[in-house]
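Take a look at the structure set out below.
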Amino acid sequence: MSDHTVKAYDKELEQIGLKIAEMGGIAEKMLVDAMGALSTQNAELAARTVSCDPKLDKLQREVEEAAILTIARRQPVAGDLREIVGAIRTASDLERVGDLAKNIAKRAIKVISDARVPRATVGLKHMGDLAAIQLKDVLDAYSSRDAVRAKAVWMRDAEIDALEDSVFRDQLTFMMEDPRNITYCTHLLFCSKNIERIGDHATNIAETIHYLVTGENLPIERPRTPEKFTS
């Protein structure tokens, strides 16, 4: 962020940045806790994860309101305008990450009494770990305005997609082994889709960072699945 003659302007941008940072911390924790609740059948942890979502929603609204007021007051252009628009986009993506983590936690509560195949969550945990790394890396890139690191996150998006395909095949196998697994594994399939979408939102944030820093958009098409994941 550049320094402005009107110091209140810098303060407004700083406050927006602090709210984004707080949102990022909450979203990261919600994802980690949701996956922990799912893999350990911890209903209490799952419920705590769900309860965090309203705070994330509130922060998103505060970011949007502050950003709109700043645009109205300061009429920013060029890099300053990208900064504010980037904050609005990032807040929206983080709010969606929270929603998706909340959905995983809700599924965890539903399947605790029917956790029939412990090994069925192994692939999901791997997906969740990878999504958590993606989210952490992209938030670090946002705080440091590091377009190179952001692009690296963008390039790794296909890894989560490939893992989702693997998890899908695993769950079908468990269903075919024993029809009593169908309900449980179906819930896990929904969880895998939520994790994949979290990866997409991390990628969205990476695109926002790249535009914020460089003024240029990354290609519309995301990277395809690497060959090593398709065999």
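The values are calculated or read from the model by the stated rules, or taken from the named source; none is laboratory data. Everything numeric here is computed off the predicted structure, so don't read it as measured data. Cβ sites come from the backbone with ideal geometry, for glycine too, and all protein chains shown count toward neighbours.
If you go through the stretch 103-134 and keep only what is under 14 Å from GLU28 (Cβ atoms) and not small (Gly, Ala, Ser), you end up with ILE104, ASP129, LEU130, ILE133, GLN134. Can you tell me which residues in the stretch 100-159 are touching a residue at least 12 places away in the same chain (Cβ under 8 Å), of a type in the set (Val, Ile, Thr) and under 19 Å from GLU22 (Cα atoms)? Once the filter is applied, which keeps residues that are touching a residue at least 12 places away in the same chain (Cβ under 8 Å), of a type in the set (Val, Ile, Thr) and under 19 Å from GLU22 (Cα atoms), the stretch 100-159 yields only VAL138. If you go through the stretch 181-227 and pick out every residue that is assigned to a helix (DSSP H, G or I) and at pLDDT below 90, you end up with 1. Of the residues making up the stretch 39-64, just one is outside any helix (DSSP H, G or I) and in contact with a helix residue (DSSP H, G or I) (Cβ under 6 Å, 6 or more places away or on another chain), namely GLN41. In the stretch 79-99, the qualifying residues are those that are small (Gly, Ala, Ser) and in contact (Cβ under 8 Å) with a residue 40 or more places away in the chain, and the one that is nearest to GLN15 (Cα to Cα) is ALA87. Counting only residues that are crowded, with 21+ Cβ neighbours inside 10 Å and small (Gly, Ala, Ser), the stretch 17-48 holds 5 of them.
In this structure, does THR70 turn out to be over 18 Å from the mean Cα position of the chain (by Cα) and hydroxyl-bearing (Ser, Thr, Tyr)? Yes, satisfied. Please verify whether LEU31 is closer than 29 Å to THR214 by Cβ and free of Cβ contacts under 8 Å to residues at least 60 places away in the same chain, treating the condition exactly as stated. So LEU31 does not fit the description; no. Of all the numbered requirements in (1) modelled with pLDDT of 95 or more; (2) under 23 Å from GLN60 (Cα atoms), ARG82 misses one, and that requirement is (1). Counting only helices (runs of 4 or more DSSP H) wholly contained in the stretch 71-163, the ones carrying 3 or more residues that are polar (S, T, N, Q) and out of contact with any Lys or Arg (no Cβ under 6 Å at 6 or more places or on another chain) occupy 78-111, 122-144.
Only residues that are among the β-branched types (Val, Ile, Thr) and more than 30 Å from GLU14 (Cα to Cα) were counted across the stretch 114-166, and they come to 4.
Regarding the stretch 163-186, can at least one residue be identified that is buried (at least 17 other Cβ atoms within 10 Å of the Cβ), of a type in the set (Val, Ile, Thr) and within 29 Å of GLY86 (Cα to Cα)? The answer is no, given that none of the residues of the stretch 163-186 is buried (at least 17 other Cβ atoms within 10 Å of the Cβ), of a type in the set (Val, Ile, Thr) and within 29 Å of GLY86 (Cα to Cα).
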